[in-house]
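Undergrad: My structure is below; once you've seen it, I'll send some questions.
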Amino acid sequence: MPAELTGTYVTLDDGRPAVRFSRLYGHPIDRVWHFVTDPDELAGWFPSRAEIDLRPGGAVKFTGDPNMPESYGTVLAVDPPRHLTFDWGGDELRFELAPDGEDRTRFTLTHVLGEENTAARNSAGWEVCLTALDAKAHGERFEGPHAGVNAPWREYYQGYLDAGLPSGAPVPGLDT
């Protein structure tokens with residue numbers, strides 16, 4: 001059975017390519033904000049541990065990703081608890097949170113791509129990461145983005161290739 005794809009490839013108003021994911025969580029916005037900004041929470045679902053200085057121009061330190069060296073980004077915009085944007089290795093990540101009824105939050109992640117050919121690869125990675133966040137939000141455990149061969153990453157990647165998302169970027173750990 002093919003993997004269910006939840007990402008959408010979009011072209012932003014300024015012409016930049018991006019992939020977008022949306023989820024609805026049964027938590028108030030402050031709790032979901034904590035998932036997005038607390039380094040210990042992020043370590044359970046985000047590709048790297050991220051320590052974020054939550055102010056425009058603040059530093060973001062990324063560590064713990066076995067496929068990437070320690071790196072740094074910058075907070076581009078922040079409006080707690082609704083919006084956070086930072087740069088990440090030449091890309092831009094935007095997190096939008098909005099209340100959706102009582103004690104529910106709409107979570108939207110937009111990954112603005114520095115290179116269009118990373119769309120399929122990055123979408124597959126976010127599927128695994130957001131599955132881990134979904135499990136965390138439901139009080140369950142899921143081996144996050146670094147689950148190795150147990151992660152369903154390849155299925156998602158093939159699904160995005162089949163869907164025609166731009167591809168061709170190197171894939172760490174994938175023999176080609």
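The values are calculated or read from the model by the stated rules, or taken from the named source; none is laboratory data. Computed from a predicted structure; not experimentally measured. Here the Cβ positions follow ideal geometry from the backbone for every residue, glycine too, while neighbour counts run over all protein chains shown. These area figures cover heavy atoms from the full protein model, side chains too; ligands, DNA and RNA do not enter into them. Shrake-Rupley method; radii C 1.70, N 1.55, O 1.52, S 1.80 Å.
Undergrad: Which residue is farthest from PRO172 (Cα to Cα), if the candidates are limited to segment 120-136 and must be hydrophobic (A, V, I, L, M, F, W, C) and touching a helix residue (DSSP H, G or I) at 6+ places or on another chain (Cβ under 7 Å)?
TA: Once the filter is applied, the top-ranked residue is LEU133.
Undergrad: Next question, about the same structure. Within segment 63-87, can you find the residues that are in contact with a Ser or Thr (Cβ under 8 Å, 6 or more places away or on another chain) and aromatic (Phe, Trp, Tyr)?
TA: Answer for segment 63-87, where residues must be in contact with a Ser or Thr (Cβ under 8 Å, 6 or more places away or on another chain) and aromatic (Phe, Trp, Tyr): just PHE86.
Undergrad: Considering segment 20-53 alone, what residues qualify as being over 14 Å from LEU84 (Cα atoms) and charged (D, E, K, R)?
TA: Matches in segment 20-53: ARG20, ARG23, ARG31, ASP40, GLU41, ARG49.
Undergrad: Taking segment 52-87, which residues are assigned to a strand (DSSP E or B), under 16 Å from HIS34 (Cβ atoms) and in contact (Cβ under 8 Å) with a residue 12 or more places away in the chain? Show your work before the answer.
TA: In the first step, residues of segment 52-87 are kept if they are assigned to a strand (DSSP E or B); the result is 52, 59-63, 71-79, 83-87.
From what is left, the residues that are under 16 Å from HIS34 (Cβ atoms) are 52, 78-79, 83-84.
Scanning segment 52-87 gives ILE52, VAL78, HIS83, LEU84.
Undergrad: Out of segment 30-50, which residues are open to solvent by 10 Å² or more (accessible area, probe 1.4 Å) and assigned to a loop (DSSP other than H, G, I, E, B)?
TA: At the first step, the residues of segment 30-50 found to be open to solvent by 10 Å² or more (accessible area, probe 1.4 Å) are 30-31, 33-34, 37-41, 43-44, 47, 49.
Passing the criteria: ASP38, ALA43, GLY44, PRO47.
Undergrad: Could you please give the count of residues in segment 109-131 that are open to solvent by less than 30 Å² (accessible area, probe 1.4 Å) and outside any helix (DSSP H, G or I)?
TA: The total comes to 5.
Undergrad: Out of the residues in segment 132-154 meeting the condition of being open to solvent by 20 Å² or more (accessible area, probe 1.4 Å) and not in a loop (DSSP other than H, G, I, E, B), tell me which one is modelled with the highest pLDDT.
TA: Applying the filter and picking the extreme gives ASP134.
Undergrad: Another one. Test of understanding: among ASP65, ASP79, ASP53, which residue is of a type in the set (D, E, K, R), surrounded by 15 or more Cβ atoms within 10 Å (Cβ to Cβ) and out of contact with any Gly (no Cβ under 9 Å at 6 or more places or on another chain)?
TA: ASP65
Undergrad: Look through THR131, THR108 and report the one residue that is of a type in the set (Val, Ile, Thr) and touching a strand residue (DSSP E or B) at 6+ places or on another chain (Cβ under 9 Å). Give the steps one after another, and end with the answer.
TA: Numbers: THR131 fails: touching a strand residue (DSSP E or B) at 6+ places or on another chain (Cβ under 9 Å).
Exactly one of THR131, THR108 is of a type in the set (Val, Ile, Thr) and touching a strand residue (DSSP E or B) at 6+ places or on another chain (Cβ under 9 Å), namely THR108.
Undergrad: Right, next: Give the residue, chosen from LEU97, LEU24, that is touching a helix residue (DSSP H, G or I) at 6+ places or on another chain (Cβ under 6 Å), farther than 14 Å from HIS111 by Cα and modelled with pLDDT of 95 or more. Write out each step before concluding.
TA: On the way: LEU24 fails: touching a helix residue (DSSP H, G or I) at 6+ places or on another chain (Cβ under 6 Å).
Just a single option satisfies the conditions, and that option is LEU97.
Undergrad: Exactly one of (1) exposed (fewer than 14 other Cβ atoms within 10 Å of the Cβ); (2) over 21 Å from ALA18 (Cβ atoms); (3) in contact (Cβ under 8 Å) with a residue 12 or more places away in the chain is unmet by GLY90. Its number?
TA: Going through (1) exposed (fewer than 14 other Cβ atoms within 10 Å of the Cβ); (2) over 21 Å from ALA18 (Cβ atoms); (3) in contact (Cβ under 8 Å) with a residue 12 or more places away in the chain one by one, GLY90 breaks only (2).
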